[in-house]
Amino acid sequence: MGVKVYIPTPFRAITHNQATAEVEGRTVVHVIEALEARYPGIRERVLDEAGEIHRHINVYVNDTAVEDLNGKNTSLQDGDEVALIPAIAGGAIPFTEEQIKRYSRHIILPEVGGKGQRKLINSSALLVGAGGLGCPAALYLAAAGVGRLGVVDFDHVDLSNLQRQILHHTHDVGRPKVLSAVDTIGDINPNVKVEPYQTQLSSENVKEIIAGYDVIVNGCDNFPTRYLLNDAAYFLKKPLVDGSIFRFEGQVTTFLPGKGCYRCLYPAPPPPGLVPGCAEAGVLGVLCGIIGSLQALEAIKFILGKGDLLVNRLLFFDALALEFRQVKIRRDPECPVCGDHPTITELIDYHEFCGVPHEQPVS
Ligand SMILES: [Zn+2]
């Protein structure tokens, strides 16, 4: 984890429209050099020929102007936020009146506050699947003000989805799920930028898609995608909040790179056909809301840097017994992906690994 830099709108032509960038750096100058390495041209926007911060640029560290700290040599720690603000924007990134009112119940929480809310606004999350889990997770992340939400789903809304997939409405039946998601999220919170991906995740596109997000929320419904996403998240060092549901039971855990992965937990998928999907086995609709909301909670805690994540813990929920149980899980040194001597160092053919024919659609 490094330092998060807020990129002002005038500089985003250089950063390919990225509003934030995560870079390593011990001081403000180091961070600017790291940005320059990634986005050539940004240095001269911030520093003059003598290496001093332009007088028309204000630089903030965690909402404090660096001129009140140690200037360009202000030291930084992991998790710090640096904001580059052209003076014309008037200094600190102000909340709009609408934002202050909308997020007031967050802002008055000491654990969130204005700083935490700003983190949420400047953050991004990718929802894999706009189904039973992705729908409630997306709604809460959008309502919380997470600034950018990616939604991956190749499927169309079916009437049988509406019992649990609460982003979609009756009038959406037949529409692509990602478009229904764009509309509903926009209705909840128009401040959120939604990026739809109407596609199947594959070894060809997964890295490109997940690279641009701070946290991945996995609500997929099949094993090839689950292993694909696990491996890609590990290779790209992305936190992965994993959720799954079956009839009346749910599971949630959070994988942070280097602290275990899905393969440590389940080295191999069950033989094809042994575990039926929701279409054959059924699923209680409200269970999706509970598990998907827990995933949103984990993503929000990760973004805020607050609380204890479900890392190295697997949470089981039994809806009929109304019981939550936890088991400890740990990184397996023998894990083929994240172990001490990995044998899988790039993406593989996940259909073959799971024994699932390629023709079977995966979302
Ligand atoms: Zn592992």
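The values are calculated or read from the model by the stated rules, or taken from the named source; none is laboratory data. This is a predicted model, so every value here is computed, not measured. Here the Cβ is made from the backbone with ideal geometry for all residues, glycine too, and neighbour counts use every protein chain on show. The accessibility values were calculated without ligands, DNA or RNA, using every heavy atom of the protein model including side chains. Shrake-Rupley method; radii C 1.70, N 1.55, O 1.52, S 1.80 Å.
The table below lists the values:
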item: C-alpha center-to-center spacing [region 276-312, region 63-132] in angstrom; result: 25
item: Among beta bridges that DSSP assigns inside region 99-237, antiparallel share in %, nearest 5; result: 5
item: Summed side-chain charge close to Ala181 - residues other than Ala181 whose Cβ falls under 13 Å, Lys, Arg +1, Asp, Glu -1; result: -3
item: Cβ charges +1 (Lys, Arg) and -1 (Asp, Glu), total dipole of region 98-328, debye; result: 900
item: Per DSSP, loop trypsin sites (Lys or Arg not before Pro) in region 174-245 with at most 15 further Cβ within 10 Å; result: Lys237
item: Extended-chain gain in nm, criterion 0.36 nm per residue less alpha-carbon gap, Thr9 and Asp308; result: 104.3 nm
item: Solvent-accessible surface ranking, highest first, for Thr170, Thr64 at 1.4 angstrom; result: Thr170, Thr64
item: Top positive-direction residue, dipole computed over region 98-328 with Cβ charges, set Tyr234, Gly258, Val283; result: Gly258
item: Check: region 3-86 dipole with +1 on Lys, Arg Cβ and -1 on Asp, Glu Cβ, in debye; result: 240
item: Fraction of beta bridges assigned by DSSP in region 3-86 that are antiparallel (%, nearest 5); result: 80
item: With DNA, RNA and ligands ignored, accessible area of Lys72 (1.4 Å probe; Å², nearest 10); result: 50
item: Kirkwood-based shape ratio for region 3-86, expressed as Rg/Rh from alpha carbons; result: 0.91
item: Cα-centre dipole for region 119-241 with unit charges at Cβ (Lys and Arg positive, Asp and Glu negative), debye to 20; result: 360
item: Protein-only accessible surface order, largest first, of Leu256, Leu109, Leu274 at 1.4 Å; result: Leu274, Leu109, Leu256
item: Share antiparallel - DSSP beta bridges, the chain, percent rounded to 5; result: 60
item: Environment charge of Val23, counting only residues whose C-beta is closer than 14 Å and scoring Lys/Arg +1, Asp/Glu -1; result: -3
item: Computed [θ] at 222 nm, deg cm²/dmol, the chain (DSSP H ≥ 4; -39,500 (n - 2.57); rounded to nearest 500); result: -8000 deg cm²/dmol
item: Region 273-363: GluC sites (Glu not before Pro) in DSSP loop, at most 15 other beta carbons within 10 Å; result: Glu334, Glu346, Glu359
item: Cα lying deepest toward the dipole's positive end in the chain, options Ser293, Ala19, Phe353, charges on Cβ; result: Ser293
item: Which of Gly243, Pro272, Pro40, positive extreme of dipole for the chain (C-beta unit charges); result: Gly243
item: Helix runs (DSSP H) in the chain reaching 24 Å along axis by Cα, Kyte-Doolittle at least 0.5; result: 285-304
item: Longest to shortest principal axis, alpha-carbon extents of the chain, angstrom; result: 67, 49, 37
item: Zero-based 10 Å bins, Cα pair distances in region 46-135, whole percents; result: 14, 35, 31, 14, 6, 0
item: Nitroxide proxy distance, nm - points 7 Å out along Cα→Cβ at Glu22 and Glu280; result: 3.8
item: Fully extended contour minus Cα-Cα distance, from Arg105 to Arg325, at 0.36 nm per residue; result: 76.2 nm
item: Exposure rank, largest accessible area first [Ile344, Ile188; 1.4 Å]; result: Ile188, Ile344
item: Cross-link partners of Lys72 among lysines (Cα-Cα below 24 Å; sequence separation of 8 or more within a chain); result: Lys4, Lys115, Lys119
item: Partners for Lys306 among aspartates and glutamates (Cα-Cα distance below 12 Å; same-chain residues under 8 apart left out); result: Glu111, Glu298
item: Cross-link partners of Lys259 among lysines (Cα-Cα below 16 Å; sequence separation of 8 or more within a chain); result: Lys237, Lys238, Lys328
